[in-house]
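Written out below as structure tokens is the structure these notes cover.
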Amino acid sequence: MSKVFRFLGKSALWFFAVTILWVIVYRFIPVPITFLQIQRCFEQKTDGKEMKLEKDWVAFNQISSNLKRAVVASEDQLFMEHMGFDWDAIQKAWVYNAKKKGKKVKGGSTISQQVAKNVFLWSGRSYIRKGFEAYFTFLIEIFWSKKRIMEVYLNVIEMGDGIYGAEAASREYYNKSAIDLSKREAASIAAILPSPLKWSPIKPSSQVKRKIKRIMRFMRILGPIEFE
């Protein structure tokens, strides 16, 4: 029995050492690829489509402040204030999903949680994966700045079929660099993030159009965001 405990103890130490080092390394270097990007490539191949993986890492200051403000307005308005978790949003999502069993699940994830999920984990909704998501969210909030979290988010997030990150999306949809996005263009990209494979920023449905207007209104309310 003592051997089992020693093995478990060593395994836990190795897990913490490796994952903490992994997070620290990604504080300084671009994320080369994510599990979701690999998964989507396999899904495209399975569906008989040509594999498409468009991504182009750009530095934080090469992304329009309009897009940074738009995703905060759309996805996580308390981003600069919380430590990775918006407990009020999580509670509301829990209550909503409990009442709407069998229907589309509503999420309460912050931008930090989305980064943890996209960069370090596989897709899915199991409690085990959620536990790892919370762990990695905690780590990036400790070891990364809000500026770095936003930089990674806007470089790896899925923004269309085979399109990842602000630069690839800007060139795909508007034939321009991410730094040149207007307020409406930024709001349009932010509006499709919940369903980037279903929605389009250049051919928005009535639902997406309403969301764009709402995001632009919140962008005005938020004003400039000072990232640390």
*asked:* Residues that are more than 12 Å from Arg69 (Cβ to Cβ), free of Cβ contacts under 8 Å to residues at least 40 places away in the same chain and in contact with a helix residue (DSSP H, G or I) (Cβ under 7 Å, 6 or more places away or on another chain): does the range 213-223 have at least one?
replied: no
*Out of the range 17-41, which residues are among the hydrophobic types (A, V, I, L, M, F, W, C), at pLDDT 95 or above and either in a helix (DSSP H, G or I) or exposed (fewer than 10 other Cβ atoms within 10 Å of the Cβ) (or both)?*
Ala17, Val18, Ile20, Leu21, Trp22, Val23, Ile24, Val25, Phe28, Ile29
*Close pairs (9 angstrom Cβ cut-off, 6 or more residues apart or separate chains): over 19 Å from Val152 (Cα atoms) in the range 127-139, crowded, with 16+ Cβ neighbours inside 10 Å anywhere*: Arg129/Lys117; Arg129/Leu121
*asked:* Within the range 6-28, take every residue that is closer than 30 Å to Ala59 by Cβ and hydroxyl-bearing (Ser, Thr, Tyr) and give me the one that is farthest from the chain's Cα centre (by Cα).
replied: Thr19
_Any pair with Cβ under 7 angstrom, 6 or more apart, that starts in the range 12-38 at a residue that is touching a residue at least 40 places away in the same chain (Cβ under 8 Å) and ends at one that is surrounded by 13 or more Cβ atoms within 10 Å (Cβ to Cβ) and of a type in the set (Val, Ile, Thr)_ = Val23/Ile140; Tyr26/Val119; Val31/Val119; Val31/Val152; Val31/Val156; Thr34/Val119; Thr34/Val156
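Conditions tested, residue by residue: (1) modelled with pLDDT of 95 or more; (2) surrounded by 16 or more Cβ atoms within 10 Å (Cβ to Cβ).
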| position | (1), (2) |
| --- | --- |
| Ala166 | yes, yes |
| Arg171 | yes, no |
| Tyr174 | yes, yes |
| Ser177 | yes, yes |
| Ala187 | yes, yes |
| Ser195 | no, no |
| Pro204 | no, yes |
*Among the residues of the range 44-80, how many are within 18 Å of Val156 (Cα to Cα), charged (D, E, K, R), part of a helix (DSSP H, G or I) and out of contact with any Pro (no Cβ under 8 Å at 6 or more places or on another chain)?*
2
*May I ask you to verify whether Gln44 is touching a residue at least 40 places away in the same chain (Cβ under 8 Å), more than 27 Å from Ile225 (Cβ to Cβ) and surrounded by fewer than 13 Cβ atoms within 10 Å (Cβ to Cβ)?*
no
*If we scan the range 50-63, do we find a residue that is surrounded by 11 or more Cβ atoms within 10 Å (Cβ to Cβ), aromatic (Phe, Trp, Tyr) and modelled with pLDDT of 95 or more?*
yes
*Quick check: anything in the range 97-105 farther than 22 Å from Ile192 by Cβ, modelled with pLDDT of 70 or more and surrounded by fewer than 14 Cβ atoms within 10 Å (Cβ to Cβ)?*
no
_Suppose we filter Lys203, Lys198, Lys176, Lys147 for residues that are over 13 Å from the mean Cα position of the chain (by Cα), under 16 Å from Ile63 (Cβ atoms) and part of a loop (DSSP other than H, G, I, E, B); which single one remains?_
Lys176
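Yes/no matrix, rows are residues, columns are (1) among the hydroxyl-bearing types (Ser, Thr, Tyr); (2) on the phi > 0 side of the Ramachandran plot; (3) in contact (Cβ under 8 Å) with a residue 24 or more places away in the chain:
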{"position": "Met159", "(1), (2), (3)": "no, no, yes"}
{"position": "Ile163", "(1), (2), (3)": "no, no, yes"}
{"position": "Asn175", "(1), (2), (3)": "no, yes, no"}
{"position": "Ala187", "(1), (2), (3)": "no, no, yes"}
{"position": "Ala190", "(1), (2), (3)": "no, no, yes"}
{"position": "Trp199", "(1), (2), (3)": "no, no, no"}
{"position": "Ile202", "(1), (2), (3)": "no, no, yes"}
{"position": "Gln207", "(1), (2), (3)": "no, no, no"}
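The values are calculated or read from the model by the stated rules, or taken from the named source; none is laboratory data. Here the structure is a predicted model, which is why all the values come from computation and not from measurement. Glycine gets a Cβ as well: all are built from the backbone with ideal geometry, and neighbour counts include every protein chain shown.
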